[in-house]
Amino acid sequence: MLLLTLGLLIFISIHSLRMGGDARRARWIASLGPTRFKVLYTVISLVGFALLVYGFGIARDMPIVLWTPAPVMKHVAYFLTLVAMVLMAAVYVPHNAIKAKLHHPMVLSVKVWALAHLLANGNLAHLLLFGSMLVWSVLLFKASRARDRVDQVVYAAGNLASTFLTLEIGIAVWLVLVGWAHGWLIGVQVMP
């Protein structure tokens, strides 16, 4: 659990630089320069991510069961991960109505993804990883929306074609993940 916890602390900390406003991030950029800041940010993120993935793998192999989820939670998780993949697609497809309405679909995607995994799994490693990501994404979404209000950010309206493309991509990615890639990448086949 130590590596998982350390990885989470590093990964979430570096991705929380803007939570209290842009001052801390701006100071780092001013002292390091934009390029070195990006390199350092990337390296710290990758180290944190590698530690949390490796630590989660170790912790998952020695599970400490806290509760047994109801069988229906697996189906709830399927639906929520579908929503999460559509939200993730909304980040990258320009001019879609989902991003226009929700403003921060990547953070919402993480929130829904983490909730799905919390509902479907009942051991300590899952609670630590997905619970931390859920709390972080809730706080980050709130901070991001507050920053938008202060900066008076206006999001362009989306169009129907881009919104349908977003849905299609999200559904396709979800089908690949639940049908094959989750088992290949994570070692847990979610759909037999």
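Details
- Candidates 90, 30, 172, ranked by Gaussian network fluctuation over the chain, Cα under 10 Å, top entry: 30
- Spatially close lysines, pair count over the chain: Cα under 23 Å, gap of eight or more or interchain: 6
- Mean-square fluctuations from a GNM of the chain, with a 10 angstrom spring cutoff on Cα atoms, peak among 179, 170, 33 at 33.
- Cα-centred dipole magnitude for the chain, charges only on beta-carbon of K, R (+1) and D, E (-1), debye, nearest 20: 560
- Candidates 87, 52, 175: whichever shows maximal mean-square fluctuation once the chain is modelled as a Gaussian network with Cα springs under 10 Å: 175
- Structure-derived mean projected area of the Cα convex hull in nm²: which label, when the choices are [x] 12.0; [y] 9.9; [z] 8.9: [x]
- Residue range of the chain that is longest and free of chymotrypsin sites (Phe, Trp or Tyr not before Pro) which are both DSSP loop and sparsely packed (at most 16 other C-beta within 10 Å): 68-154
- Distance between modelled label sites at residue 9 and residue 168, nm, 7 Å Cα→Cβ extension: 4.7
- Spin-label model, residue 72 to residue 156: label points 7 Å out along the Cα-to-beta-carbon direction sit 4.3 nm apart.
- Dipole of segment 1-160, positive direction: furthest Cα of 79, 69, 109, with charges on the beta-carbon: 109
- A cut-off under 14 angstrom between Cβ atoms defines the neighbours of residue 19, and their net charge, with Lys, Arg +1 and Asp, Glu -1, is +4.
- Centroid-to-centroid, using Cα positions, segment 124-147 and segment 25-64 are 16 Å apart.
None of the figures in this text is laboratory data; all of them are computed from the coordinates on show. All values derive from a computational prediction rather than experimental measurement. Cβ atoms come from the backbone with ideal geometry, glycine included; neighbour counts cover every protein chain shown.
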